[in-house]
Amino acid sequence: MFRGARRVAVLVGLMGCTPVAQDLGDDRRADRLAMVEQQIRQRGVSDPRVLEALRTVPRDRFVPPEARGRAYSDMPLPIGFGQTISQPYIVAYMTEVLGAAPSDRVLEIGTGSGYQAAVLSMLVREVYTIEIVPELAQRAEATLRALRHENVTVRAGDGYGGWPERAPFDRIMLTAAPDEIPEPLLDQLAPGGRLVAPVGPQGGTQWITVVDRNEQGLTERQTIAVQFVPFTGGPR
C-alpha cells in the first residue's frame, strides 16, 4: 500500500516557540464569532480549544485581498497556483479529529495559505509545515510571522518524505489528498501518534482517514467524504 520516499526541501523560515494571537487593528472578530457559531459549532465540532482558535485566528489575513470579503463564508477560496484555503468547517473538523495536546509536535503537509498551521499553532507546542509551491510557502511564512505565530516553522519543498530530521511527530496532518498515505509519513509518526489526511483519487471519492500508531501497530479508519486538491509530491 505504501510507496518509497523522495525528499526535496528548502527551509524558508524558522520562528520561535510561543504562539501569540495579534489583532493588528482587527475589525472582523464579529465575523469570526458568527462563523464559529453558525458553520462549526452547530455542525458538531465541540472541542473548546479548537473553537477558541477559530475565533482567534483572522482567516481574512490568509486569503488574497480580492477574497477578503468572503473570508468567513462557508466555502473554500482560491489562493493562487491552483490551491485553495479549506472551508472553515473542514479546518475545524480535521483539527478536532487530530486531537492534539498542548505538548505535541505537529507536522503539516500542504501549508497553502498558512491558516491551518496558524490554527494548530494555538493548540500545540510546535508546528512544522511543508509547502510544495515556493511562492505559497513564502507568503504563508510572512503572514504567520506578521501575526506572531512564533512556534511555526515553514519549509518549501516536497512533503512526501516528511521532515525526518525533526521526527518523530506526535501528530501529522495532510491538507492535500494522496491516493495512498506516503510510507515516510507513517514512519515519522511517534508511538501513540495520529495522522489525519484526506485520501482518495482526484475527481473520485476521498475520505478523511485517521491513522493511529499503537502497541499493535497502525490502525486506520475513515470518517467523512471530502474533496481536496491532489497531493502533488512523491516519486516521479
Point to revise | In region 39-69, the residues that are surrounded by fewer than 21 Cβ atoms within 10 Å (Cβ to Cβ), assigned to a helix (DSSP H, G or I) and touching a residue at least 24 places away in the same chain (Cβ under 8 Å) | key: 39, 43, 49, 51, 52, 55, 56, 60, 61
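Rundown of residues vs (1) surrounded by fewer than 23 Cβ atoms within 10 Å (Cβ to Cβ); (2) more than 25 Å from residue 220 (Cβ to Cβ), yes/no style:
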residue: 134; (1), (2): yes, yes
residue: 137; (1), (2): no, yes
residue: 141; (1), (2): no, yes
residue: 150; (1), (2): yes, yes
residue: 173; (1), (2): no, no
Exercise for review: For residues that are free of Cβ contacts under 8 Å to residues at least 40 places away in the same chain and either part of a strand (DSSP E or B) or acidic (Asp, Glu) (or both), scanning just region 70-79, find the one that is farthest from residue 147 (Cα to Cα).
Suggested key: 74
**Study point:** Residue within region 213-222 that is modelled with pLDDT of 95 or more, closer than 18 Å to residue 116 by Cβ and not polar (S, T, N, Q) present
**Key:** no
Point to revise | Of all residues in region 194-208 being of a type outside the set (Val, Ile, Thr) and under 11 Å from residue 107 (Cα atoms), the one that is surrounded by the fewest Cβ atoms within 10 Å (Cβ to Cβ) | key: 194
Review point. Could you list, in sequence order, the residues of region 127-160 that are acidic (Asp, Glu) and within 13 Å of the chain's Cα centre (by Cα)?
Key: 131
Review point. Considering 162, 203, which residue is on the phi > 0 side of the Ramachandran plot and at pLDDT 95 or above?
Key: 162
Exercise for review: Exactly one condition in (1) surrounded by 15 or more Cβ atoms within 10 Å (Cβ to Cβ); (2) more than 13 Å from residue 115 (Cα to Cα); (3) of a type in the set (A, V, I, L, M) is not met by residue 33; state its number.
Suggested key: (1)
Practice item. Sort out which residues of region 80-97 are surrounded by fewer than 23 Cβ atoms within 10 Å (Cβ to Cβ) and in contact (Cβ under 8 Å) with a residue 60 or more places away in the chain, and write them in order of number. Key: 82, 83, 84, 90, 93, 97
Point to revise | Residues located in region 192-236, provided they are in contact with a Lys or Arg (Cβ under 9 Å, 6 or more places away or on another chain) and touching a residue at least 40 places away in the same chain (Cβ under 8 Å) | key: 194, 196, 210, 233, 234, 235, 236
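When region 187-236 is examined, which residues are found to be in a strand (DSSP E or B), among the β-branched types (Val, Ile, Thr) and within 19 Å of the chain's Cα centre (by Cα)? Explain how you work it out, then say what you get.
Filtering region 187-236 for residues in a strand (DSSP E or B) gives 189-199, 206-214, 217-226, 230.
Next, from what is left, pick out any that are among the β-branched types (Val, Ile, Thr): 196, 199, 208-211, 219, 223-224, 226.
Listed by number, the residues that qualify are 196, 199, 208, 209, 210, 211, 223, 224, 226.
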Study note, to complete from the structure: In region 98-110, residues that are surrounded by 24 or more Cβ atoms within 10 Å (Cβ to Cβ) and without any contact (Cβ under 8 Å) to a residue 60 or more places away in the chain total 0
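The values are calculated or read from the model by the stated rules, or taken from the named source; none is laboratory data. The shown structure was predicted, so the numbers you read here are calculated from the model rather than taken from an experiment. Every residue, glycine among them, receives a Cβ derived from its backbone with ideal geometry; neighbour counts consider all protein chains shown.
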